[in-house]
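The values are calculated or read from the model by the stated rules, or taken from the named source; none is laboratory data. The structure displayed is predicted, hence computed values, not measured ones. Every residue, glycine as well, gets a Cβ built from its backbone with ideal geometry; the counts of neighbours run over all protein chains shown. Accessible surface areas use protein heavy atoms only, side chains included; no ligands, DNA or RNA. Shrake-Rupley method; radii C 1.70, N 1.55, O 1.52, S 1.80 Å.
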Amino acid sequence: MTIGGTAFSIVFGLIAALALRKRFPGRTFVRASVLLPYVAPVVAVTFVWEIMLSPQFGVANDWGQRFLGWDRPIAFLSQREYNLWGLDIPMALITVIAFEAWRYFPFAFLFILARLQAVPHELEEAAVVDGAAPTQLFRHILLPQLGAVIALLSVLRFIMTFNKFDDVWLLTGGGAGTQVASVRVYEFLTSRLDIGAAAAQGLVLAAALVILLVIYLRFFAPRVEDES
C-alpha cells in the first residue's frame, strides 16, 4: 500500500501540475478544486467512497453493470480477492491504494507546480526553437528540474503512507487483506491487549522510517557548498 499510494499520488500530482501550469480561463478555480480531496475531512471523504462503492446502492457498481457488463456487484471494500481474466487481484487493497492516490495527489501537485513555476521559460523556448517534441521537452528540460522535488515527495509521502491509520481503518477496518502495519499495532494494543507486541512493532516501524530518512539525507538532500 505504501509503495502504490506513494507512486500513484506523485504520478497523478505530476500530471495535474503539467496540465494546469499554463494560463487558461478559470485556471484559479480549477487549481483550487484540485485541492479538495486533500483539504476535505477524512471522515467525509471516506463516507462518500463507502457509499459510492457500496455493492447495494453504489454508483460504481450501478455503472459497471450498466455500461461495463458486470454480471454481479463487486464488494470493493470487503472483498479480499476478485478474479479478473483468470487472475486473483487484491480488490480491497487496490481500492485503498486508489483512495490514497486520489486523496493525496494534491499534496504532490502543490510541490511540483511550485517547482515548475520556477523553471526559466528561456529553457523551454530554446528547446522548442531547436525542434524538441513535447516528450523530449519533458524528459530533458522539465524532469531534471523536478528531480529533487520528486525525491523529497517520495520520502515524505512514503513516511506519511507508511504510518497511515485513519484512512484504512475508516474504509475497511483493516479487514479483507488491508491490515497495514499501523492497524496491526492498534489491534495488538486494543483487541489483544498485548502491549509488548504493539511496542515491538512500533519500534520496527520507527527503525524502517529512520533508515529511509538516512537514505534521503545521504543521496537526495540538497547540499550546501562550502565557500571557504
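When peptides 164-177, 60-73, 11-24 are sorted by average Cβ neighbour count within 10 Å, with the highest value leading, the order is 164-177, 11-24, 60-73.
What's the local net charge at Phe47, with K and R +1, D and E -1, over the other residues with C-beta under 14 Å away?
Numbers: positive: Arg103; negative: Glu50, Asp166, Asp167.
Overall, the nearby charge balance is -2.
Hey, of [x] 19.8, 70; [y] 17.7, 51; [z] 21.2, 72, which did the structure itself give for Rg and Dmax of the Cα atoms in Å when calculated? Working out Rg and Dmax of the Cα atoms in Å from the coordinates points to [z].
Using a 1.4 Å probe over the heavy atoms of the protein chains, calculate the carbon and sulfur portion of the accessible area of region 1-42 as a whole percent.
Reported share for carbon and sulfur atoms: 77 percent.
Nonpolar atom fraction for region 95-204, defined as the carbon and sulfur part of the 1.4 Å probe accessible area, stands at 66 percent. What FRET efficiency would be calculated for the residue pair Leu123, Leu152, taking the C-beta separation as r and a Förster radius of 30 Å, to the nearest 0.05? The pair Leu123/Leu152 has a calculated efficiency of 0.90.
Residues whose amide H comes within less than 5 Å of that of Tyr82, counting only those at least five positions distant or on another chain, are Ile89, Met91 (H built at 1.01 Å from N in the peptide plane). Taking label positions 7 Å along the Cα-Cβ direction at both Ile89 and Ala132, the computed distance is 3.6 nm, reported to one decimal.
When Ile141, Ile74, Ile3 are compared by accessible surface with a 1.4 Å probe, the order from highest to lowest is Ile3, Ile141, Ile74.
Taking the Cα centre of the chain as reference, the dipole from Cβ charges on Lys and Arg (+1) and Asp and Glu (-1) amounts to some 280 debye. Entry note, the chain: relative contact order of 25 percent, from Cα contacts under 8 Å with a spacing of 6+ residues. Put a plus charge on the Cβ of each Lys and Arg, a minus charge on the Cβ of each Asp and Glu, and nothing anywhere else: the dipole of region 1-107 about its Cα centre is then about 700 debye.
The residues Leu143, Leu153, sorted by heavy-atom accessible surface at 1.4 Å with ligands and nucleic acids left out, run Leu143, Leu153 from largest to smallest. Indicate the helices, whole DSSP H runs only, in the chain that combine a mean Kyte-Doolittle hydropathy of 0.0 or more with a Cα extent along their long axis of 18 angstrom or more. Helices meeting the span and hydropathy rule in the chain are 2-19, 91-117, 143-162, 195-219.
Translational diffusion of region 6-129 was estimated from the Stokes-Einstein equation, with Rh taken as the Kirkwood radius over Cα pairs; at 25 °C and 0.890 mPa s the coefficient is 144 µm²/s.
Quick check: net charge around Trp169, other residues with Cβ under 15 Å of its Cβ, Lys/Arg +1 and Asp/Glu -1? Spelling it out: positives minus negatives among the neighbours equals -2.
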